[in-house]
Amino acid sequence: MGKLKAIVFDLDGTLYTSRELAAEIHRVACSAIALQLGACFEEAEARLAVAKRALVARSGREATLSAACQELGCDIRALHSYLAENVEPEPFLKRDERVLDMLARLARDYSLLVYTNNNRQLAGRIMAAIGVDSHMERLFTIEYCWRSKPDRGVLENIFAEIGVAPRECLFVGDRYDVDLRLPEEMGCRSYLTKSIDELLRLEGFADCGFGDNRGGE
């Protein structure tokens, strides 16, 4: 492994956790899909669940909202435009000073970035609400290539744009199949976190060179 230069964070479920916001995003997404399909909310929600199960059955890996939307034949750009306009994340979020302090310390030694399947407008509002925006050098969202992660081509573009080799990157996320498996296959290090308490342990891995942590323990 080369010297670590960059840490790439997922956003939702990683830098913050909020079941309420996740539920709100799901609700609004189902409304957007219902409009595109000409269906009622309940039918759209059911068809979204079926699409996710089909993707999992084919790939053996967790399916994302954006991928399931495309599986249904919907317009992913229209979906994210609707999410950006109709989700108000701020009431569901609060700053965690422990996370901000950790990011400030990590930023002294590493480039910090966010790579998310969320759209730029909503991701920006979330990052501002939880206070992490000032610590991040770059934000890569679904608009970057309009392909949801995991996607090898998108990752290759990101590595080229930030000028860092995969072996010099650590990826941090809450979904192994979505956030970490492909970066690992490309030579990156990884850290799986399912809670803020687990995220806060990330800093301790600096002492051992940020070895792989697939279990978040």
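The values are calculated or read from the model by the stated rules, or taken from the named source; none is laboratory data. Small disclaimer: the values here were computed from a predicted structure and weren't measured. FYI the Cβ positions are ideal-geometry reconstructions off the backbone, even for glycines, and counts take in every protein chain you see.
Can you confirm whether Asp133 is within 25 Å of Arg189 (Cα to Cα), over 18 Å from the mean Cα position of the chain (by Cα) and surrounded by fewer than 18 Cβ atoms within 10 Å (Cβ to Cβ)?
no
Taking Tyr82 and the conditions (1) surrounded by 15 or more Cβ atoms within 10 Å (Cβ to Cβ); (2) within 27 Å of Met102 (Cα to Cα); (3) modelled with pLDDT of 95 or more, which numbered condition does it fall short on, given that it satisfies the others?
Of (1) surrounded by 15 or more Cβ atoms within 10 Å (Cβ to Cβ); (2) within 27 Å of Met102 (Cα to Cα); (3) modelled with pLDDT of 95 or more, only one is false for Tyr82: (2).
Failed condition for Pro183, given (1) buried (at least 22 other Cβ atoms within 10 Å of the Cβ); (2) out of contact with any helix residue (DSSP H, G or I) (no Cβ under 7 Å at 6 or more places or on another chain), with all others met?
In the conditions (1) buried (at least 22 other Cβ atoms within 10 Å of the Cβ); (2) out of contact with any helix residue (DSSP H, G or I) (no Cβ under 7 Å at 6 or more places or on another chain), Pro183 misses (2) alone.
So, Arg181, is that one assigned to a helix (DSSP H, G or I) and not aliphatic (A, V, I, L, M) or not?
For Arg181, the condition - assigned to a helix (DSSP H, G or I) and not aliphatic (A, V, I, L, M) - is met.
Which ranges mark the helices (runs of 4 or more DSSP H) fully within region 23-116 that have 2 or more residues being charged (D, E, K, R), closer than 30 Å to Lys3 by Cβ and touching a residue at least 24 places away in the same chain (Cβ under 8 Å)?
Hits in region 23-116: 97-106.
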